[in-house]
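Some notes on the structure that comes next.
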Amino acid sequence: MQHMTREEAREYIKSRVLDYLHSEHPDAARAAEQGRQFKCLAGTHDDKTPSMIFYKDSNKVHCHACGANYDTFDLIGIDNGLHDSKDIFKKTYEYFNIKTESGKQNATAKATKASVSPIGAAHSTAKPKTEPKPEPDYSDFFLSAQKNINKTDYHTRRGISPETAARFGLGYIAEWRHPNVSKSVPATPRLIIPTSASSYLARDTRDNLSEKEKEYSKIKVGVVHLFNADALRTAQKPIFIVEGEIDALSIIEAGGIAVGLGSAANIGKLLAILEGEKPKQPLIIVPDNDERGRKAADELSEGLKGLVIPFYRQNIAGEYKDTNEALQNDRKNFISAVNKAENIEREAYLQTSAASHLQDFVNGIADSVNTEYIATGFPQLDGILDGGLFEGLYVIGAISSLGKTSLVLQIADKIAERGQDVLYFSLEMSRSELMAKSISRLTLLESMNTGGDIRNAKTARGITTGSRYAYYSDTEKEIIQKAVEAYGAYAERIFIHEGIGDIGAAQIRNEIDKHISFTGNKPVVVIDYLQILAPYEVKATDKQNTDKAVLELKRMSRDYKIPVIAISSFNRENYSSGVSMEAFKESGAVEYSSDVLIGLQLAVVGSFDDKMKPIERRAAVNSAKSKNPRDVELVILKNRNGDIGKTIAFNYYPAFNHFEERP
């Protein structure tokens, strides 16, 4: 079941005209895709010269003869003999397996009543229909066709054995016409593939069809049913999901179990079945090897994820367009591919044994000889971290304005200076602000290292405000120039991505992929900061979205085997309190999923006791913040592979974004 708002449902359904035509009016769909006119679907006038056409821009079909202008809602109303807009909306939602916001479906129907053409309004001669047509019973027709199956070799030429044909009731009609057409329409030889007692597929068995004949080579009769749908309930091994009936028969011929959708438009029908009764076996999605097949597989994958149904996507057709082509051209390898795909779950499970990964473990030890940990540039911190940064998620938290970004940016610069790439996602500050902070720090270091006056160092604003340069001394300008040159020596390894609320975990993963692809280097990744990552789900709470983001960042560190550093903000309740695990409680996933959890605090708050009054605490904090440099402590709250509770004292120069460890 797809859950959408009313507006989303309307837009989605109106965009599915072509898919609906493929499912219910395949001849019209083929003509629509080729930009040709087809017989009017209203059925209210003798349309000997096809006069209806599909307009992609408006997602509607229009009849130039009678003026009918239909969207998906209208077509479903016509096909089901419905007049009332409420009934049309209800039927349409059922057809596409959509659930709108609770209790608002009828309101949608009322609000949009004018957008749904009342059946008969455009055709005053239309006969009213009050009841949907009952489904026909083609059982006798199938028996007659099955008796003629030996009169064609079409199915055997397609790789389908007589045994498989008999098992699924395939038949043959030498002179077949659609049940609803005039006898004046030329008859054609057809393979009959039953999909239910009331529906079947009729495939033209002739070779060398003209382009016009190809358009009508596969015609569905009756209300669409999935081919071999019972397998979803009865199968004792994985079930392949394919588009065509012949594709499903090809997998069955190779020893597998398969269900044929009949059309990508029938994905909703499959999901509706699965929602009612989940299969006991995993599903294997096998799309056709073309763009349409891939899109259909993407849509089905999302639906199965929503239903929490295990599935895999496999290409068992290899270089061929679909499974039937693979069966015809390389039967042996195709059968092997089917068998291998069936056992994918078993193989995947067996691969979780320690023995399966022992050699990789040994190789990893050997590889690590040339892959050192990544030093942060702070010797005491590196000592506590057993040398520096390793694969894992590092979260650094503090109250606002305590230097979280400055500390992490300084670590990032040191890492880049040693030749390691850094991918920095700045979700609040601009690229130029971060660059200015780094260069400001370097002006302070240049002043200190040369024994000069640190008053010649420049703040970030002093770096970026061009009008001030006219008043700088030659010494000040020289210091800025040297700082810019020092930054330039490693700036090519700092990659800054800006974003305000529009960068989420998925985008971060994509950028990591691109970086590795373009540079061949695995970067250290920095997220500044965690709480303003784009939400995974707009309707979820902030905590739920943060939890999800933390889990995804942890997964990235594991998948790419890289350090990921995330900055986290504390709320004001922690302003005059010492840092602790409690400060991260706003997101439980931070506490449990991080490998290393670090808190920054003013050193003075570590000396507060319970007897100290709030007003006294605030006064002490304000006094500590007025000092230059500030006395700041870094506290190791969690360290999955090392010591916890350790504290490192820093001098923090806020004006110049610089931290230095104190002995």
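Some points to look at:
- Within the stretch 389-494, helices (runs of 4 or more DSSP H) holding 1 or more residues that are within 33 Å of the chain's Cα centre (by Cα): 404-417, 431-449
- Leading residue by the ranking (modelled with the lowest pLDDT) among those in the stretch 557-592 that are surrounded by fewer than 19 Cβ atoms within 10 Å (Cβ to Cβ), over 25 Å from Arg617 (Cα atoms) and of a type outside the set (Lys, Arg): Gly588
- Checking Arg455, Arg461 one by one, the residue that is in contact (Cβ under 8 Å) with a residue 12 or more places away in the chain and out of contact with any strand residue (DSSP E or B) (no Cβ under 6 Å at 6 or more places or on another chain) is Arg461 and no other.
- Within the stretch 318-347, tally of residues that are free of Cβ contacts under 8 Å to residues at least 24 places away in the same chain, among the acidic types (Asp, Glu) and within 18 Å of Ile239 (Cβ to Cβ): 1
- For the stretch 335-389, filtered to residues that are small (Gly, Ala, Ser) and touching a strand residue (DSSP E or B) at 6+ places or on another chain (Cβ under 7 Å), the residue that is modelled with the lowest pLDDT is Ala341.
- Restricting the stretch 495-531 to residues that are assigned to a strand (DSSP E or B) and out of contact with any His (no Cβ under 7 Å at 6 or more places or on another chain) leaves a set whose member that is farthest from Ser557 (Cα to Cα) is Glu498.
- Condition met for Tyr560 (in contact with a strand residue (DSSP E or B) (Cβ under 7 Å, 6 or more places away or on another chain) and touching a residue at least 12 places away in the same chain (Cβ under 8 Å)): no
- Of all residues in the stretch 273-298, those that are farther than 23 Å from Lys237 by Cβ, touching a residue at least 12 places away in the same chain (Cβ under 8 Å) and surrounded by fewer than 16 Cβ atoms within 10 Å (Cβ to Cβ) total 3.
- Test result for Lys237, under 35 Å from the mean Cα position of the chain (by Cα) and either basic (Lys, Arg) or in a helix (DSSP H, G or I) (or both): yes
- Condition met for Tyr529 (closer than 30 Å to Thr450 by Cα and not charged (D, E, K, R)): no
- Residue tally, condition touching a residue at least 40 places away in the same chain (Cβ under 8 Å), over 17 Å from Leu249 (Cβ atoms) and in contact with an Asp or Glu (Cβ under 9 Å, 6 or more places away or on another chain), over the stretch 179-226: 8
- Residues (modelled with pLDDT under 95 and either crowded, with 17+ Cβ neighbours inside 10 Å or of a type in the set (Val, Ile, Thr) (or both)) located in the stretch 130-153: Thr130, Tyr138
- Criterion violated by Ala202 - all others in (1) small (Gly, Ala, Ser); (2) in contact with a Lys or Arg (Cβ under 6 Å, 6 or more places away or on another chain); (3) exposed (fewer than 15 other Cβ atoms within 10 Å of the Cβ) satisfied: (3)
- Pairs with Cβ under 9 Å, 6+ apart, first in the stretch 467-481 and more than 17 Å from Asp453 (Cα to Cα), second modelled with pLDDT of 90 or more: Arg468/Lys458; Arg468/Arg461; Arg468/Gly462; Tyr469/Glu476; Tyr469/Lys477; Tyr469/Ile480
- Lone unmet requirement of (1) over 23 Å from the mean Cα position of the chain (by Cα); (2) touching a residue at least 60 places away in the same chain (Cβ under 8 Å) for Val242: (1)
- Of everything listed in (1) assigned to a helix (DSSP H, G or I); (2) touching a residue at least 12 places away in the same chain (Cβ under 8 Å), the single unmet condition for Ile615 is (2).
- For the residues Lys554, Lys548, Lys522, the requirement of being surrounded by 18 or more Cβ atoms within 10 Å (Cβ to Cβ) and either among the aromatic types (Phe, Trp, Tyr) or within 19 Å of Ala416 (Cα to Cα) (or both) singles out Lys522.
- Here is the figure for the stretch 166-220: residues that are in contact with a helix residue (DSSP H, G or I) (Cβ under 9 Å, 6 or more places away or on another chain), among the acidic types (Asp, Glu) and part of a helix (DSSP H, G or I) total 1.
- Residues located in the stretch 8-54, provided they are small (Gly, Ala, Ser) and under 20 Å from Ile219 (Cβ atoms): Ser23, Ala28, Ala29, Ala31, Ala32, Gly43
- Looking only at residues in the stretch 140-165 that are in contact with an Asp or Glu (Cβ under 8 Å, 6 or more places away or on another chain) and not in a helix (DSSP H, G or I), the one that is farthest from Asp330 (Cα to Cα) is Ser161.
- Residue among Asn622, Asn641, Asn651 that is at pLDDT below 90, of a type outside the set (D, E, K, R) and out of contact with any Leu (no Cβ under 9 Å at 6 or more places or on another chain): Asn622
- If you go through the stretch 147-175 and keep only what is within 26 Å of His25 (Cα to Cα) and over 45 Å from the mean Cα position of the chain (by Cα), you end up with Ile173, Ala174, Glu175.
- Within the stretch 166-182, the set of residues being more than 18 Å from Ala197 (Cβ to Cβ) and of a type in the set (A, V, I, L, M, F, W, C) comprises Ala174, Trp176, Val181.
- Scanning the stretch 240-249 turns up no residue that is buried (at least 17 other Cβ atoms within 10 Å of the Cβ) and either of a type in the set (S, T, N, Q) or more than 29 Å from Ser336 (Cβ to Cβ) (or both).
- Listed by first and then second residue, the pairs linking a residue in the stretch 149-162 that is among the hydrophobic types (A, V, I, L, M, F, W, C) to a residue that is not in a loop (DSSP other than H, G, I, E, B), with Cβ atoms under 7 Å apart and 6 or more places separating them unless they lie on different chains, are Ile149/Ala165; Ile149/Gly171; Ile149/Tyr172; Ile160/Leu249; Ile160/Glu253.
- Of the residues Gly67, Gly77, Gly43, the single one that is more than 14 Å from Ala265 (Cβ to Cβ) and out of contact with any helix residue (DSSP H, G or I) (no Cβ under 8 Å at 6 or more places or on another chain) is Gly67.
The values are calculated or read from the model by the stated rules, or taken from the named source; none is laboratory data. Treat the numbers as computed from the prediction; the structure is a model and nothing was measured. Quick reminder, even Gly has a Cβ in these numbers, built from the backbone with ideal geometry, and neighbours come from all protein chains shown.
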